[in-house]
Every structure is written in C-alpha cells, then in structure tokens.
Amino acid sequence: MNPFVVAVIATHRRHAELARLLDSLGKIRQSLGGIVVVDNGGDAEAVVKKSKVPAHWLHPGSNLGCGGGLALAEKTALQIHGEALTHLWILDDDAVVHADNLDVLLGEMDSHHAAVACPMIADEHGQAAWPPGLLDRRKYRVIRGRLTPAEFLARCGGDAIPFSWSTGVSLLVTRAAIEQVGTHRADFWVRGEDLEFSLRLTARRRGIFVPKTFVAHLPPPEHAAASRAEEYLKHAAMLQNLCYLSRLPHGRRTIRTLPGNFLRFLKTWRTTEAWKDAALAAWLGGIRGKPAGAPGFNIFQRRLNSAR
C-alpha cells in the first residue's frame with residue numbers, strides 16, 4: 001500500500017508563519033495527500049485557501065489551544081480520508097519543511113519498523129535545536145551541544161536513533177498508532193501536549209529520530225510586553241502539565257525532570273508571583289491531578305486569555 005500522508009496543523013493568528021509552512025508543504029510532490037488546519041483564531045481561511053496541496057480549513061468557534069486544535073485536526077483527517085490515510089504528519093505552524101523530509105522519514109520508519117518518527121530540528125541559525133529524548137545518552141549529549149545538522153552527522157552518523165519523547169515541531173505517526181493510543185489531549189490546551197502525546201506513543205510503539213533530514217523551526221520573535229506576559233503564563237501552565245504528566249503510567253519517566261523545570265521557571269522570572277504560581281502549578285497538577293486545560297483547574301489558561 002502506497003503511503004498517503006495528511007499534515008495536521010493547529011494555528012492561532014500567525015498568518016505569515018502558516019503561509020510559509022503551507023508554501024513549503026506545496027513543494028512535496030509524493031505521498032502528501034492533504035492538509036487539515038484548525039484555525040483557533042478563526043481568521044486564516046484565506047491563507048489556507050492558497051495552499052497548493054488540498055487543504056481543509058476548520059474554525060472550531062473558540063480557541064481550543066494547541067492540544068485541542070491538533071486533536072480536532074487529527075480526528076477530522078481520519079474522518080475525511082478514511083482507510084486511504086496511512087500517516088499523520090503533525091507540524092507546528094512555524095515550521096518549514098523540505099522537499100525530501102517526507103520520503104526520508106517514511107523510508108526510515110519502514111526500515112526500522114517504527115510507528116513514530118521525528119527529523120532533526122534546526123533553528124534560525126541553522127543549528128540543531130529542540131532535540132527529542134534520545135535513548136542513546138552519548139548522542140543526546142552531542143545533539144545538545146549546539147551543532148549544525150551536518151556536524152552532528154559527522155560525529156554520530158545518520159543512523160536512526162530510538163527516542164522516548166519529542167517536541168511537536170514535526171512528528172510523523174502511523175494511522176495504526178493513532179488508533180491504538182488516541183489523538184492529542186485537548187485538556188492540555190497549551191504546552192506539554194506534545195510531550196504527553198509522544199510519551200504515550202513510545203510507551204506502546206517504536207519511535208525513531210531521523211538525523212538524515214531536518215525541518216526548520218522559525219518561531220516569530222517576541223518583542224512586546226504582552227508577549228512576555230503570555231510566555232510567563234504558558235511557562236506556568238507547562239509546570240502544571242508536567243506535574244500532572246508525572247502521575248500517569250507513561251509519564252513517570254518525567255518525574256526526575258521536575259526539580260530542574262521548577263528551578264528554570266524561578267530563575268527565568270525571579271518574582272514573588274513566580275514562586276506563588278510555581279506552588280499553584282504543583283498543587284493543581286501534582287496534588288489535584290489535573291492538566292492546565294481541565295475545566296475548573298485552568299487558572300493559567302483563563303489568565304492567559306485575559307492577557308490577550
């Protein structure tokens with residue numbers, strides 16, 4: 001059966017980034033059969049209509065967040081394309097793909113009998129960034145050393161490497177894996193939805209990092225005070241999600257990372273409010289056992305919506 005891949009994207013008021021991603025997807029000639037975009041802002045329909053690949057635009061009527069948006073996109077792709085669909089390609093709206101990405105990822109997944117694959121991710125400087133949790137500790141230390149993709153290949157080779165978790169910048173997943181473990185969780189809303197999803201996948205299926213090909217991740221620069229306030233609340237929501245995730249069977253591998261994440265939050269923000277919100281995140285996620293998008297426990301989400 002020939003691969004039939006559908007790219008799924010959740011976006012919120014980032015027209016330039018979304019247009020750039022869709023343009024890069026238009027350069028992929030084989031295997032990519034469609035695109036589903038969930039537009040949490042409700043204002044990007046004209047951008048999606050310009051896609052060179054058949055694209056389905058959805059406005060859910062409210063901001064579902066990244067987790068909820070991706071869950072809706074994944075369910076919609078499965079519904080629209082039916083049995084023809086073989087893979088979902090989950091992409092951040094600020095990613096830029098290359099023409100060879102899909103063929104290389106599909107080939108490596110087939111060779112290694114993997115159900116999940118992520119490529120190398122490069123930042124705006126062309127350096128490897130946002131690495132997944134490689135199970136090969138030596139190679140994980142190398143990739144965290146701010147190398148270019150070519151430098152990593154020279155030091156570690158191009159063989160696929162198993163991983164336990166991944167960011168959501170670019171993740172290719174088989175239909176069978178999605179049907180087994182489910183779609184993204186809507187109640188994570190923002191930050192950590194990719195961590196939970198990838199850990200859930202690799203707890204049941206084989207995931208591989210493919211260094212032979214890379215996707216660029218080019219988020220817009222943060223330059224306004226409002227952006228800093230939003231980033232603070234997203235960071236606090238991430239702490240709540242991490243505390244909740246550490247309670248789950250597939251997330252217990254993250255327990256050892258909690259002290260470092262809390263310390264990073266406090267060092268980054270250095271305010272009395274940050275100490276209070278760190279304690280609140282631990283209470284809501286770790287003690288009450290709810291992610292940051294759960295009704296009644298979505299304090300950071302409500303504050304973030306008010307700040308926008």
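No value in this document is a laboratory result; all are computed from the given coordinates. Small disclaimer: the values here were computed from a predicted structure and weren't measured.
A 26 angstrom limit on the alpha carbon distance is what I want to check against. Which of LYS49/LYS75; LYS50/LYS234; LYS49/LYS212; LYS75/LYS139; LYS234/LYS267; LYS139/LYS290 exceed it? Provide the component values of the computation, followed by the final result.
Values: LYS49/LYS75 21 Å; LYS50/LYS234 31 Å; LYS49/LYS212 32 Å; LYS75/LYS139 35 Å; LYS234/LYS267 16 Å; LYS139/LYS290 34 Å.
Exceeds cut-off: LYS50/LYS234; LYS49/LYS212; LYS75/LYS139; LYS139/LYS290.
Could you state the number of Å between the C-alpha centres of segment 112-144 and segment 243-303?
Using only Cα atoms, the two centres lie 25 Å from each other.
Using a ≥ b ≥ c from the Cα gyration tensor of segment 77-220 (square roots of the eigenvalues), is it rounded, prolate or oblate, where a/c under 1.5 gives rounded and otherwise the larger of a/b and b/c decides, a/b for prolate?
On the way: a/c = 1.56, a/b = 1.44, b/c = 1.09.
Cα axes put segment 77-220 in the prolate bin.
Rounded to the nearest 500, what is the chain's calculated 222 nm mean residue ellipticity when only DSSP H runs of at least 4 contribute -39500 (n - 2.57) each, over all residues?
-12500 deg cm²/dmol
Figure the gain on full extension for ALA154 and LEU218 (residue separation times 0.36 nm, minus the Cα-Cα span) and round it to one decimal in nm.
20.6 nm
Please report, to two decimal places, log10 I(q)/I(0) for segment 30-151 at q = 0.14, 0.17, 0.22 Å⁻¹ as given by the Debye formula with identical point scatterers on the Cα atoms and no solvent.
-0.77, -1.06, -1.36
Which percent of the Cα-Cα distances in the chain go past 36 Å?
So the pairs more than 36 Å apart make up 13 percent of the total in the chain.
Over segment 225-307, consider all pairs of different Cα atoms and compute the Kirkwood hydrodynamic radius from their mean reciprocal separation; express it in Å, one decimal.
Every distinct Cα pair counted, the radius reaches 12.7 Å.
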